[in-house]
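Report on one structure; see the data block that follows.
The values are calculated or read from the model by the stated rules, or taken from the named source; none is laboratory data. Here the structure is a predicted model, which means the values were calculated and not measured. All Cβ positions, even for glycine, are placed from backbone atoms using ideal geometry, and neighbour counts span all protein chains on display. For accessibility, only protein heavy atoms count, side chains too; no ligands or nucleic acids. Shrake-Rupley method; radii C 1.70, N 1.55, O 1.52, S 1.80 Å.
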Amino acid sequence: MVCPNCSSKFALSQALFMCPHCSGLIEIVNRVENFSGELEGRGLWRYARLIPGTYPKIISLGEGGTPLIVSRDYGNLYLKFEGANPTGSFKDRGMSVAVSIAASLGYRGVIAASTGNTAASASAYSARAGLASYVVLPAAGVALGKVAQSIFHGSKVIELDGNFDEVLSQVISVFERASFYPLNSFNPWRLEGQKTLAYEVCEELGSPDYMFVPVGNGGNIYAIWKGFVELREAGVIGHIPRMVGVQASGASPIAHAVQAGLDVPRFVEKPETFASAIRIGKPVNWRRAIKAITHSGGFALAVTDREIRDAQYALARREGIGAEPASAASFAGYSLALSRSLIAPDAKTVCVLTGHALKDPDA
Ligand code: F0G
């Protein structure tokens, strides 16, 4: 493991998240060998050999293996529907890995700050593991379906005043003292689960030209990019897709930083968008997200709530896919990129649709 900030190196530890020297977020270095040999079964644990660490207890609900749906309207567009995961979002991939670690290492509970989906997923997986679960949500603006899932699976739901960024900083300040395993995406082990989306796309499609990903905290776009980087280093693919990060215009510090060429984003104090899952002004993984976008030769876009709404409807009515607003941001970004001629219409593209429409019936 390495700290990209101060270049410190660490032995593999499933309980190390931040650099003890500079507080940078630790990255896991993984070398993939013989990618297609010994891949068995379906879903996330099909890639067990390619996920570092040891897993005496595996907590799985059959996550991963989600549909890659060919678009009806666009020639070379594929829609990776993460809403088909057990709790209805991509979070289940990382949660299966991270909760397996918490159960294996004997933690007494897990904790996560969330705009909703992380909480729903953490709740289901910790119920399955028999672990206590604490989910900390901003008191206002979390989609109904996600709060209901958290309560239903028996989590202790704590609502705090303030936005997600404030809630997350509180969780970061308490998790170690409370001996809870943290399930937010600053935990690099969660991202090891999420990178398997790249493996699936690669097995089904090879390496696309572009991957459009909705960006909130920035963990998922980094995880997917990392998966592709590992495959290129192993010689499985010849090129890494250009990663395109899409944010809602009222909460777009990463899109702005990439467009303006800033080294450090200008964080947004009061993020605003109806896509509540990505209503994040101070993304904890901003360095990782910018790295994934710039190192892959990609770009970033901010889309308006109106564009997200139109994309959500187009997906529902033209493609038959129910995506929650934040998820539809990737498709909104794709439409915008086409209309601005930022990508060619025949470019092989995957839009990641991160969560299910049923999550947010009020949106
Ligand atoms: N799409 C959905 C549906 C999400 O729930 C999230 C994040 C994202 C996209 C953004 O992913 O943070 O890795 O860039 N939801 C988190 C949560 C913040 O608490 O559920 P990211």
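Given the conditions (1) surrounded by fewer than 19 Cβ atoms within 10 Å (Cβ to Cβ); (2) out of contact with any helix residue (DSSP H, G or I) (no Cβ under 7 Å at 6 or more places or on another chain); (3) under 22 Å from residue 126 (Cα atoms), and given that residue 49 satisfies all but one, which numbered condition is not satisfied?
With (1) surrounded by fewer than 19 Cβ atoms within 10 Å (Cβ to Cβ); (2) out of contact with any helix residue (DSSP H, G or I) (no Cβ under 7 Å at 6 or more places or on another chain); (3) under 22 Å from residue 126 (Cα atoms) applied to residue 49, the lone miss is (3).
Name the residues in region 112-147 that are crowded, with 24+ Cβ neighbours inside 10 Å, more than 12 Å from the ligand (Cβ to nearest atom) and within 24 Å of residue 214 (Cβ to Cβ), would you?
Of everything in region 112-147, those that are crowded, with 24+ Cβ neighbours inside 10 Å, more than 12 Å from the ligand (Cβ to nearest atom) and within 24 Å of residue 214 (Cβ to Cβ) turn out to be 124, 125.
Taking region 297-313, which residues are open to solvent by 10 Å² or more (accessible area, probe 1.4 Å) and without any contact (Cβ under 8 Å) to a residue 60 or more places away in the chain? I'd like the intermediate steps shown before the answer.
Taking region 297-313 and keeping what is open to solvent by 10 Å² or more (accessible area, probe 1.4 Å), we get 297-299, 302, 304-307, 309-310, 312-313.
Correct list: 297, 299, 302, 304, 305, 306, 307, 309, 310, 312, 313.
Give all pairs with beta carbons closer than 6 Å in which a residue from region 277-296 that is closer than 14 Å to residue 223 by Cβ meets a residue that is surrounded by fewer than 24 Cβ atoms within 10 Å (Cβ to Cβ) and among the charged types (D, E, K, R); count only pairs at least 6 apart in sequence or on separate chains.
Listed by first residue and then by second, the contacts come to 296/242.
How about region 195-288: which helices (runs of 4 or more DSSP H) wholly inside it have at least 3 residues that are among the acidic types (Asp, Glu) and open to solvent by 30 Å² or more (accessible area, probe 1.4 Å)?
On the way: elements: 196-205, 219-233, 253-260.
Result: empty, no element qualifies.
Do we have any residue at all in region 195-206 that's at pLDDT 95 or above and near the ligand (Cβ under 10 Å from one of its atoms)? Walk me through how you get there before you give the answer.
Pass one, region 195-206, residues at pLDDT 95 or above: 195-206.
Keeping just the survivors that are near the ligand (Cβ under 10 Å from one of its atoms) gives none.
No, that holds for no residue.
The conditions are (1) open to solvent by 40 Å² or more (accessible area, probe 1.4 Å); (2) closer than 17 Å to residue 88 by Cα, and residue 318 fails exactly one of them. Which is it?
It is condition (2) that residue 318 fails.
Output the number of residues of region 79-111 satisfying the condition of being of a type in the set (Gly, Ala, Ser), part of a helix (DSSP H, G or I) and within 15 Å of the ligand (Cβ to nearest atom). Quick ask: steps written out before the conclusion?
Of region 79-111, the ones of a type in the set (Gly, Ala, Ser) are 83-84, 88-89, 94, 96, 98, 100, 102-104, 106, 109.
Those still in the list that are part of a helix (DSSP H, G or I) too: 83-84, 94, 96, 98, 100, 102-104.
This time we only want the ones that are within 15 Å of the ligand (Cβ to nearest atom), so: 83-84, 94, 98.
Total satisfying the criteria: 4.
Working carefully through the options 336, 358, find the one that is more than 16 Å from the ligand (Cβ to nearest atom) and open to solvent by 10 Å² or more (accessible area, probe 1.4 Å). Step through it out loud before you land on a result.
Details: 358 fails: more than 16 Å from the ligand (Cβ to nearest atom).
After ruling out the rest, the residue left standing is 336.
Scan region 151-194 for residues that are of a type in the set (Ser, Thr, Tyr) and exposed (fewer than 15 other Cβ atoms within 10 Å of the Cβ) and jot them down. Steps first, please.
Taking region 151-194 first, the residues of a type in the set (Ser, Thr, Tyr) are 155, 169, 173, 179, 181, 185.
Listed by number, the residues that qualify are 169, 173, 179.
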